[in-house]
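Report on the structure given below.
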């Protein structure tokens, strides 16, 4: 029979183990990777394809690598607003380059073995990731900053459109015919991710202000930004409804469109002074794509 001291140590060990898992999910970029996989999964169903493991794995690994690179480059900026995540990033800093390299290599190997068009198209988000995270001094005379993320709205538009490319990349994975439906899905994902990225900027206001990065929450104020996100979220939902009525999206998109209600939840929740913004951004908002999977499956079954 175990002693009370042994029981306490056992519980602490379990707590520490679960905490490490949660930290890896929250700070390691896995949820963002799964988010991209979920977007590819949903797009495949909307286009009438069966989601393929190669597509989902490529989406996950590519995003995981990109976000690992992003957090490695921005640890000083995140130190003020996200100290726990920064400490986590620093603890695994020695492995970051290996993680980034291996993830990119596997993602591009899968793409190469799938088809050369898909492989070539995957270079576009790679270039965007580099210009966003690393940048170039040649940008300074053009846009006034060296990295895309340092320019007001450019950061949100680039990230949102980059995620929107999941729709086009999904089509190219299957070598399907180009249609207006793909553009509609691209626009829908871009709108969804614009809401998502600006919402995350609310959490990062302090760190961004100290490093001189202008974001909508800094320029408009946090409260006005929240109301703007409610408006954009509403327009996103109406956009899908119009596309369905115009015959540009299948009826199952009605169910997928319920994700806008999910976004209302985390936006409105953030109005509370007691809101846990780290949880709302890293788990709830970043997990929005995962909510689309059951909605897409349900929509496929029902409509």
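The values are calculated or read from the model by the stated rules, or taken from the named source; none is laboratory data. From a predicted model like this one, the values you see are computed outputs, not experimental measurements. Reconstructed Cβ throughout: ideal geometry from the backbone, glycine too, with neighbour counts over all protein chains shown.
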Taking segment 42-64 as the region of interest, how many residues are farther than 20 Å from residue 104 by Cα and part of a helix (DSSP H, G or I)? 5
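Being touching a helix residue (DSSP H, G or I) at 6+ places or on another chain (Cβ under 9 Å), at pLDDT 95 or above and surrounded by 20 or more Cβ atoms within 10 Å (Cβ to Cβ) is true for just one of 86, 43. Which residue is that?
Details: 86 fails: at pLDDT 95 or above.
When all the criteria are applied, what remains is 43.
Report yes if some residue within segment 242-250 is under 17 Å from the mean Cα position of the chain (by Cα) and under 14 Å from residue 185 (Cβ atoms); otherwise report no. Steps first, answer last, please.
Residues of segment 242-250 that are under 17 Å from the mean Cα position of the chain (by Cα), as a first pass: none.
Scanning segment 242-250, I find no residue that is under 17 Å from the mean Cα position of the chain (by Cα) and under 14 Å from residue 185 (Cβ atoms), so the answer is no.
Please find, among 181, 170, 190, 215, the residue that is touching a helix residue (DSSP H, G or I) at 6+ places or on another chain (Cβ under 9 Å), farther than 23 Å from residue 244 by Cα and in contact (Cβ under 8 Å) with a residue 12 or more places away in the chain. Full working, then the answer.
Details: 181 fails: farther than 23 Å from residue 244 by Cα; 170 fails: farther than 23 Å from residue 244 by Cα; 190 fails: farther than 23 Å from residue 244 by Cα.
So the residue among 181, 170, 190, 215 that is touching a helix residue (DSSP H, G or I) at 6+ places or on another chain (Cβ under 9 Å), farther than 23 Å from residue 244 by Cα and in contact (Cβ under 8 Å) with a residue 12 or more places away in the chain is 215.
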Does residue 279 satisfy the criteria of being assigned to a helix (DSSP H, G or I) and either touching a strand residue (DSSP E or B) at 6+ places or on another chain (Cβ under 7 Å) or free of Cβ contacts under 8 Å to residues at least 12 places away in the same chain (or both)? yes
Filter segment 263-273 for residues that are surrounded by fewer than 16 Cβ atoms within 10 Å (Cβ to Cβ) and not in a helix (DSSP H, G or I) and give the result. 271, 272, 273
Checked against (1) under 22 Å from residue 162 (Cα atoms); (2) in contact with a helix residue (DSSP H, G or I) (Cβ under 6 Å, 6 or more places away or on another chain); (3) at pLDDT below 95, residue 205 satisfies every condition except (1)
Residues in segment 130-152: is at least one modelled with pLDDT of 80 or more, part of a loop (DSSP other than H, G, I, E, B) and crowded, with 19+ Cβ neighbours inside 10 Å? no
